[in-house]
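Q: Take a look at this one; I'll ask things after.
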Protein chains: 2
Amino acid sequence: MAKSTNPDTPMAVKQRGVTMKDVAKHAGVSRTAVSFVLSNRENASISEETRTRINDAVQELGYRPNAGARALASRRSDWYGIVTEIVTAPFAVDIIKGAQDQAWLDRRFLLIAPSDQADAVGPNEGLEDAATEKLLEQRVEGLLYAATFHRGVHVPESANEVPTVLINCFDADGKLPSIVPDERGGGRVAVERLLQAGHTRIGVINLDPVIPAAVGRLEGAREALAAAGLELDPELVVSGYATADGGYDAACQILDRYPQKERPTALFCLNDRMAMGAYDAIKERGLTIPGDIAVIGFDNQELIAAYLRPKLTTVALPFEKMGALGVQTLAALTAGQPILADQQLVDCPLLERSSV
Amino acid sequence: MAKSTNPDTPMAVKQRGVTMKDVAKHAGVSRTAVSFVLSNRENASISEETRTRINDAVQELGYRPNAGARALASRRSDWYGIVTEIVTAPFAVDIIKGAQDQAWLDRRFLLIAPSDQADAVGPNEGLEDAATEKLLEQRVEGLLYAATFHRGVHVPESANEVPTVLINCFDADGKLPSIVPDERGGGRVAVERLLQAGHTRIGVINLDPVIPAAVGRLEGAREALAAAGLELDPELVVSGYATADGGYDAACQILDRYPQKERPTALFCLNDRMAMGAYDAIKERGLTIPGDIAVIGFDNQELIAAYLRPKLTTVALPFEKMGALGVQTLAALTAGQPILADQQLVDCPLLERSSV
DNA sequence: TCCGGGAAGTAACGCGCGTTACCAACGTAG
DNA sequence: CTACGTTGGTAACGCGCGTTACTTCCCGGA
């Protein structure tokens, strides 16, 4: 790329937009009157006649307010910023959708800044800081941080200058409000569903046991079993890589370890990708789903769950709802209202399909 | 939700940020001098000494420029707007990623406005208009329109007020520059790959035959065959719903129609979801992939292609590249530079995995 | 007749910054 | 000594808009 010698060349077409002054002149009133009418001030005394005259002028001239100028004068920008690696790793992109939709309904704009950009100094070195800084330069009224998977994070210092909410992650220092999925509840409903279908011997294909998702989901599974007077057989829990291959290997282990009588009749896969691999292991052995083995997943990755055959019953991560709730929480914070709790858990609902 | 009686309550913390005036006072110079230093004006005569004094003051006070005010004064916002349904239908979310990354590299912000919002009048009624309008109020310097799948679209009138580029779609009226995937080239490389592997009898699982993707990909397939002196047997082309089930049904038709000798040895599935279904049909019949039947897909939906077993060889849609190219094209347009062509085709590269 | 008070509107300031025009001091050439 | 360019700045205007203080007019009551 050639370095521009003059970065200031304003060659862009300068389409001098119509301003309030133009509207005022066209309607034969003062700019103040126009401002009053457009901002619907209740205590402003403008006669109905001039009001319509102004509105007509707005229509005729195609006036469009200048959001930036308004922000400058009113000292409120109607912008939230969201810092996220999701743009790059789109697994949890529904967070953005939920946040975006909610922001749009509130007539606010969501400025998205990536937290894992290539022009960084080192790997993960000051990226979020740069993103945060950029957003603050835009005078966002609040900040959101969103992660692709449930985990602890550190947010830049400067985030403290403005209300901040974490989505699908939590502050390792425990100061900031956060919105996270109720992993435990999800694990519980999954196993409850299997129990309800008559399964008592349930294999679990586990994730890396230290991540919050694994901890919570497994705990939920234990709770559900306990409520039915059962215990989780440690031998039936096998961890693997969070991939289809990992799920395949783990499922093979579980399925081949026992004679048919003792073989589990159901598998709780802690994510859908592993369930995908488990499907293959099951089918390879001439077994049917859900006839011989019921399978339940987690995450509800649409592209997998809805297209596996049979379609996968799974527990959904409420990405969209978390995004929306994040914006709502932020709106409350910026309005000075108290928020419900420092950590809000969002339900992980069961999605019935055909694998149980 | 209780309706706020006074929408103006500015309860948000008004953290009066430090301005250039503060910096100037702290450094003992005029605000103008600060402005000159910060904007790196070449022809400004500021001594090295005061320059460092100002920079020091900036550091000490933690000055952060106000992007909105700068935009107002300089009449350039450094913002692009992108109108897209992708936020809602995340299939092609990589377009946003590509655009976002490129914009970030150019030190610009991408304002994302959804084109399929719930608060609309009717279905698809004036949504894009509202989104476009909102973006223009923000004084974006250019507009992008992105579609989830390759198709013709109509853009709102007001888009003409500002440079505009279409991504993964094209203007039905043919006026606006657009960036679209080279579907034909993709179809060609897919079939070339099959030919190279020795397959001459190739079944095609087709999409709805009228959509641009189907037309282009099929045309490419024909070209590749023609170059090898072969023709596409119309009987081997069967259309189905663009789902795993559709692919399953279509594959069953093709596989069951012929005795083993005449059965095609390869399937070109025009998208990965259908390939997913085809996998099942093939496996059900006790056939192996790629041993008995080679399969090649299209779209490279990572969650499918990379996790099917065996992993699916497919042709990638260059979403990310299209997004980046869209922003680059827009940058050229806003800079008044000529663009390369009205319609830019982006390569659809073959992704070798294990199904051929 | 005068006065008080609401109705209808306007002038003017400031938000934070880019930018242009201007000014003072200091050489240096004629 | 005057003229004139150069260096190192500063004063002041305007971007488009929100907002406050102020003015003018009219009407009803005393």
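The values are calculated or read from the model by the stated rules, or taken from the named source; none is laboratory data. The shown structure was predicted, so the numbers you read here are calculated from the model rather than taken from an experiment. Cβ sites come from the backbone with ideal geometry, for glycine too, and all protein chains shown count toward neighbours. Remember, those area values only see protein heavy atoms, side chains included, never the ligands or the DNA or RNA. Shrake-Rupley method; radii C 1.70, N 1.55, O 1.52, S 1.80 Å.
Q: Taking the Cα centre as origin and putting +1 on Lys and Arg beta-carbons and -1 on Asp and Glu beta-carbons, what dipole magnitude results for the protein assembly as shown, to the nearest 20 debye? Each step should come with its number before you reach the end.
A: Numbers: 72 positive and 94 negative charges, 285 e Å.
Roughly 1360 debye for the protein assembly as shown.
Q: Now, a different point. Got a sec? Charge dipole of the protein assembly as shown, +1 on Cβ for Lys and Arg, -1 for Asp and Glu; which of B:Val238, A:Tyr145, B:Thr32 is way out at the positive end?
A: With unit charges placed on the Cβ atoms, the residue in question is B:Thr32.
Q: Something else: Using the Karplus equation 6.51 cos²θ - 1.76 cosθ + 1.60 (θ = phi - 60°), what ³J(HN,Hα) coupling, rounded to whole Hz, does each residue of region A:59-76 give in order, writing x for Gly and Pro?
A: Karplus values, whole Hz, x for Gly and Pro: 4, 4, 7, x, 5, 9, x, 9, 4, x, 5, 4, 4, 5, 6, 8, 6, 9.
Q: Note the angle between two axes, namely the Cα long axis of helix A:319-334 and the longest principal axis of the Cα atoms of chain A, as a number of degrees from 0 to 90, rounded to the nearest 10.
A: With rounding to tens, the tilt is 40 degrees.
Q: Here's a follow-up. What is the dipole size for region A:20-65, taken about its Cα centre, with +1 at each Lys and Arg Cβ and -1 at each Asp and Glu Cβ, in debye to the nearest 20? Before the final figure, lay out the partial values.
A: Details: 7 positive and 6 negative charges, 45 e Å.
Roughly 220 debye for region A:20-65.
Q: Same structure, new question: Residues with amide H under 5 Å of B:Arg285's amide H, sequence separation 5 or more or different chain, H placed in the peptide plane at 1.01 Å from N; which?
A: Placed amide hydrogens put nothing under 5 Å from B:Arg285.
Q: So if I take the alpha carbon set of chain A, get Rg, then get Rh from the Kirkwood formula, what is the Rg over Rh ratio? Don't skip to the end; give the middle numbers.
A: Working: Rg = 27.1 Å, Rh = 23.7 Å.
That ratio is 1.14, to two decimals.
Q: Another one. Let me cross-check B:Phe149: its accessible surface, 1.4 Å probe, with only protein heavy atoms counted, in Å² to the nearest 10?
A: B:Phe149 has an accessible surface of roughly 100 Å² with all protein chains in place.
Q: In nm, what does the list of distances from A:Gln260 to its counterparts in the other copies look like, shortest first, when each label sits 7 Å along Cα to Cβ?
A: Output for A:Gln260: 2.8 nm, nearest copy listed first.
Q: Next question. With the other protein chains left in place, how much accessible area per residue, in square angstrom, belongs to region B:183-316 at a 1.4 angstrom probe? Present the calculation step by step, with values, prior to reporting the outcome.
A: Values: 5170 Å² over 134 residues.
The answer is 39 Å² per residue.
Q: So what is the calculated 222 nm ellipticity per residue for the protein assembly as shown, using -39500 (n - 2.57) for each DSSP H run with n of 4 or more, over all residues, to the nearest 500 deg cm²/dmol? Walk me through the intermediate numbers first.
A: Values: 24 runs with 278 residues, N = 712.
So the calculated ellipticity at 222 nm is -12000 deg cm²/dmol.
Q: Select from A:Gln102, A:Gln260, A:Val83 the residue farthest towards the positive end of the dipole of chain A; place +1 on Cβ of Lys and Arg, -1 on Cβ of Asp and Glu, and compute about the Cα centre.
A: Among A:Gln102, A:Gln260, A:Val83, the one farthest towards the positive end of the dipole of chain A is A:Gln102.
Q: Same structure, new question: Restricting to Cα atoms and excluding each atom paired with itself, what does the Kirkwood estimate give for region A:183-316 in Å? Don't jump to the answer; show the numbers that get you there.
A: On the way: mean 1/r = 0.0708 Å⁻¹.
Answer for region A:183-316: a Kirkwood hydrodynamic radius of 14.1 Å.
Q: Follow-up. Hey, what do the phi angles of region A:35-50 turn into as Karplus ³J(HN,Hα) couplings, whole Hz, using 6.51/-1.76/1.60 and θ = phi - 60°, x for Gly and Pro?
A: Once θ is set to phi - 60°, the couplings for region A:35-50 become 4, 4, 4, 5, 9, 6, 5, 6, 8, 7, 9, 10, 5, 4, 5, 5 Hz.
Q: In whole angstrom, note down how far apart the Cα centers of region B:191-270 and region A:37-82 are.
A: 58
Q: Using alpha carbons only, how many degrees (0 to 90, rounded to 10) separate the axis of helix A:93-105 from the longest principal axis of chain A?
A: 30
Q: Let me see the P(r) profile for the protein assembly as shown: every Cα-Cα distance counted, bins of 20 Å, each bin given as a percent of all pairs.
A: 16, 43, 31, 10, 0
Q: Let me ask another. Can you tell which of B:Leu230, B:Leu194, B:Leu312 shows the greatest fluctuation in a Gaussian network model of chain B with Cα springs below 10 Å?
A: Ranking B:Leu230, B:Leu194, B:Leu312 by mean-square fluctuation puts B:Leu230 first.
Q: Once a ≥ b ≥ c are taken as the square roots of the eigenvalues of the Cα gyration tensor of region B:74-215, is the result rounded (a/c under 1.5), prolate (a/b larger than b/c) or oblate (a/b not larger than b/c)? Write down the numbers at each step before the final one.
A: Details: a/c = 2.56, a/b = 1.87, b/c = 1.37.
Prolate, since a/c reaches 1.5 and a/b exceeds b/c.
Q: Within the accessible area of region B:20-65, what % is carbon and sulfur when the probe is 1.4 Å and the other protein chains stay in place? Provide the component values of the computation, followed by the final result.
A: Values: 1320 of 2950 Å².
It is 45 percent, rounded to a whole number.
Q: Name the residues of region B:150-176, by number, that are at least 20 Å² less accessible with every protein chain in place than in the isolated chain; the surface is that of heavy atoms, probe 1.4 Å, without ligands or nucleic acids.
A: The answer is B:Glu161.
Q: Please report the buried accessible area for the interface of A with B, total over both chains, probe 1.4 Å, in Å² to the nearest 100. Present the calculation step by step, with values, prior to reporting the outcome.
A: Numbers: alone 19350 and 19350 Å², together 32420 Å².
Answer for the A-B pair: about 6300 Å² buried.
Q: Here is a follow-up. Angle check, please: helix B:244-257 long axis (alpha carbons) against the longest principal axis of chain B (alpha carbons), in degrees 0 to 90, nearest 10.
A: 20
Q: Ordered shortest first, which distances in nm separate the 7 Å Cα→C-beta label point of A:Asp208 from those of the other copies?
A: Counterpart label points of A:Asp208 in the remaining copies fall at 4.2 nm.
Q: When only alpha-carbon atoms are used, what values of Rg and Dmax, in angstrom, describe region B:20-65?
A: 9.3, 27
Q: Run through the other copies and list how far each one's label point is from that of B:Asp233, in nm with one decimal, shortest first; the point sits 7 Å from Cα along Cα-Cβ.
A: So the label point of B:Asp233 gives 5.1 nm to the other copies.
Q: May I ask you to evaluate 6.51 cos²θ - 1.76 cosθ + 1.60, the Karplus curve with θ = phi - 60°, for each residue of region B:261-270 and list the ³J(HN,Hα) values in order in whole Hz, giving x for glycine and proline?
A: Karplus values, whole Hz, x for Gly and Pro: 4, 8, 5, x, 9, 8, 10, 9, 9, 6.
Q: What is the magnitude of the charge dipole of chain A about its Cα centre, with +1 placed on the Cβ of each Lys and Arg, -1 on the Cβ of each Asp and Glu, and no other charges, expressed in debye to the nearest 20? Present the calculation step by step, with values, prior to reporting the outcome.
A: Working: 36 positive and 47 negative charges, 265 e Å.
Using only the charged Cβ atoms, the result is roughly 1280 debye.
Q: Still on this structure, I have one more. For A:Leu166, enumerate residues with amide H under 5 Å from its amide H, sequence gap 5+ or separate chain, H modeled in the peptide plane.
A: For A:Leu166, the qualifying residues are A:Tyr145, A:Ser178, A:Ile179.
Q: Also, I was wondering about something else. On average, how much accessible surface per residue is there in region B:24-120, in Å², for a 1.4 Å probe, leaving out ligands, DNA and RNA? Can you show the working numbers first?
A: Values: 4510 Å² over 97 residues.
Dividing the accessible area of region B:24-120 by its residue count gives 46 Å².
Q: Round to a whole number: what % of the accessible area of region A:183-316 belongs to carbon and sulfur, probe 1.4 Å?
A: On the way: 2600 of 5170 Å².
The computed percentage sits at 50.
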